[in-house]
1. Once you average over the residues of A:41-52, how many Cβ atoms of partner chains fall within 10 Å of each Cβ?
2. Classify region A:138-224 from the C-alpha gyration tensor, please: rounded if a/c falls under 1.5, else prolate or oblate depending on whether a/b exceeds b/c.
3. Let me have the 222 nm mean residue ellipticity of chain B computed from DSSP H runs of 4+ only, each contributing -39500 (n - 2.57), with the sum over all residues rounded to the nearest 500.
4. Would you look at the GNM of chain B, springs on alpha carbons closer than 10 Å, and say which of B:34, B:148, B:180 moves the most?
5. Within a 10 angstrom radius of each residue's Cβ in A:21-28, how many Cβ atoms of other chains show up on average? Whole number is fine.
6. How many angstrom separate the Cα center of region A:83-129 from the Cα center of region A:161-195?
7. Please arrange A:138, B:33, A:109 by counting, for each residue, the other beta carbons lying within 10 Å of its beta carbon, fewest first.
8. Compute the semi-axes of the equivalent ellipsoid of chain B, taking the square root of 5 times each eigenvalue of the Cα gyration tensor, and list them largest first in whole Å.
């Protein structure tokens with residue numbers, strides 16, 4: 001693996017549109033459930049072990065070469081909120097545009113041809129990792145870290161939270177990110193032989209419900 | 001029943017519903033054992049009604065329980081339960097497992113409406129519900145989990161709900177909560193300190209023509225259209241009563257219009 005390529009892909013400034021999403025933090029702040037660093041940490045921990053784990057496993061499986069169509073359907077079944085399915089496809093499309101320029105590859109071209117409306121972002125992330133010469137753990141790290149870094153930086157804007165405190169939350173979660181990645185890669189290796197049903201399906205009811213409520217807000221800072 | 005021993009109870013209940021050729025539904029298979037007894041109760045119209053009766057307390061740690069319901073073309077079956085199910089601590093280190101498998105053929109209809117599952121302090125239960133539907137099948141499935149009796153900490157509970165429609169998995173959701181569950185389960189992304197969580201899945205071929213639209217319901221609940229002619233209602237509430245009220249309201253929203 002190339003550690004340099006991993007930094008490029010994992011960089012928050014990688015132009016894939018992630019900055020426009022709060023990962024459910026805006027809805028949670030609106031509902032009064034995230035009010036400061038402590039509740040942000042709880043929020044991020046819950047997201048990491050649910051949708052973060054699923055995204056990391058899907059990304060790792062795609063990096064291992066599991067069929068993107070099957071992975072996309074598996075991601076659909078694990079994302080009951082239509083607002084979140086739409087957002088995941090939009091993010092997938094944006095990532096694919098950037099990735100095809102950064103790491104031109106036949107597999108990325110094929111993915112674009114097969115999913116004109118976009119595939120779920122973790123599927124694209126995994127195929128991008130392959131194109132960049134990265135492995136399943138790298139793809140899983142990008143997905144798992146993104147599942148907490150998005151809400152943390154959004155909360156800095158939403159609540160005026162001290163950026164040092166938000167970064168402290170991420171640092172405290174780092175060992176759990178490691179654990180989630182290791183679970184995700186194990187499950188992804190299982191999916192190579194047993195099919196996508198072997199992937200985790202951990203869900204977060206309040207994220208799903210909150211996403212639908214948030215989609216109906218007239219004025220909002222973030223897309224999700 | 002295979003018997004009670006140190007490994008816990010193993011018990012299975014099975015029901016098969018078929019069209020009886022006279023516009024009604026017959027039940028050529030209706031059997032249960034140990035803590036799982038099935039009773040046919042008075043049906044309504046063309047629909048057969050079956051009640052799952054808990055003949056023992058449980059599931060306890062170490063128990064392995066399973067329910068199979070198979071609905072054939074043209075049959076209509078409604079399954080309820082006589083009381084809430086309590087997941088209780090057992091003598092064994094191993095947790096309990098409860099496995100529900102539902103199959104519905106095209107033109108068949110199943111209503112799976114058990115009472116709440118209550119995760120009692122110190123218990124450990126893994127519950128899996130798998131519904132497999134052919135094209136043209138109908139399903140109303142409601143599951144409710146209550147974390148602890150009043151004022152009590154919950155046990156360890158893991159649920160997984162999978163719905164397959166004409167060979168495609170349209171819903172696969174797992175929820176883990178209680179002591180030892182991955183962190184954040186009680187936090188603002190997952191259950192937010194609320195103690196009752198429920199799912200209602202409705203599959204109706206009519207949704208192909210008139211798709212369900214996503215909408216937020218009052219409280220922490222939403223109607224979520226799934227890929228295919230299916231919708232999920234996810235709800236989180238402070239207690240079982242309020243949860244049931246939300247799901248009953250959602251169920252009325254998704255039911256066929258009365259003539």
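Please treat every number below as a calculation from the coordinates, not as lab data. In this text, all values refer to a predicted model and were calculated from it rather than measured experimentally. Every residue, glycine as well, gets a Cβ built from its backbone with ideal geometry; the counts of neighbours run over all protein chains shown.
1. Details: counts 3, 10, 6, 5, 8, 11, 5, 4, 9, 9, 2, 2.
Average per residue, whole number: 6.
2. oblate
3. -2000 deg cm²/dmol
4. Result: B:180 has the largest fluctuation of those listed.
5. Values: counts 0, 0, 1, 2, 2, 0, 2, 4.
Other-chain Cβ atoms within 10 Å of each residue's Cβ, averaged: 1.
6. Distance between centres, Cα-based: 21 Å.
7. The most exposed by this proxy come first: A:109, B:33, A:138.
8. So the equivalent ellipsoid measures 28, 24, 15 Å along its semi-axes.
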